[in-house]
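Encoded as structure tokens, the structure appears first; notes follow it.
Each reported figure results from applying straightforward, stated rules to the coordinates on display, with no laboratory input. These numbers come from a predicted model, not from an experiment. In this analysis, Cβ positions are derived from the backbone assuming ideal geometry, glycine residues included, and neighbour counts consider all displayed protein chains.
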Amino acid sequence: MREVTRGCCARGVGTGGLPRPESASLWHEPWIIQSICRFSAHSGQSAWSSPRPTGTRTDRGIAITRRFPLPPAELWQWPTEPDRTAQWFGRWSGDPSTGEVAVQLSAEDGAPMSTSAIHECTPPQRLVLGTGPRWVIALDITADDADSEGSADDSSGRMRISGATLTLSQDMDEAGFAAEVGPGWEYYLDRLVAATEDRDAEATAFEPDYLPGMAEHYRALFTGKATAGR
């Protein structure tokens, strides 16, 4: 395994660069229980429900978070190593030391290529990429508070597995733009969750759960109007 400080943060970039089972007996299988628990821990919802929007409004735009039972250094590999980004977003290529890389957006129609500028790269904490003035995306990774045993207590005193949280944020100030972009990032982050759990990210369907399903949530963040049915 390559060092986790490599990938799209290669030397020279630095911080200034860029379905329910048919048989009830299956419910006794450990992998079934573990999968349900992992899903619920990440999303805060039932494993059999449709995904719910989780994005919040910030003073500059929106932020969406997902928690992973992975240490920060391992989680960092998922948005920076090309073999891993290929599993949930798209494979990147090129020389990061130039300040930009090419990304093939494999989940989009036609799998188009896009050029991403690397604005900031601080392993294993922060990555900022941009494809234009309205498209600057920051990924911030923070570690859970945990003891030396690699675990921590939640508010009820129960033991939980320690890990890290990834927060994706993007500057924006228009409700219509947020209604289009927010659901897309929810979709990609759920694909990331699936990939880290060795599940098929392609099983995550964009329509209708994310769009139009989540559009009004993001519109309401900017208009102040309550989202019906959520």
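At a Förster radius of 22 Å, what calculated FRET efficiency corresponds to the Cβ-Cβ distance of Asp83 and Thr131, to the nearest 0.05? Rounded to the nearest 0.05, the efficiency is 0.50. Each label was represented as a point 7 Å from its Cα along the Cα-to-Cβ direction; for Ala203 and Glu174 these points are 3.7 nm apart. Sorting the Cα pairs of the stretch 161-230 by distance into bins of 10 Å, from 0 upward, gives 19, 43, 30, 8 percent per bin. Between beta-carbons, use under 11 Å as the cut-off and find the net charge around Ala203, counting Lys and Arg +1, Asp and Glu -1. Result for the local shell: -1. When Leu221, Leu211 are arranged by Cβ crowding within 10 Å, least crowded first, meaning fewest neighbours, the order is Leu211, Leu221.
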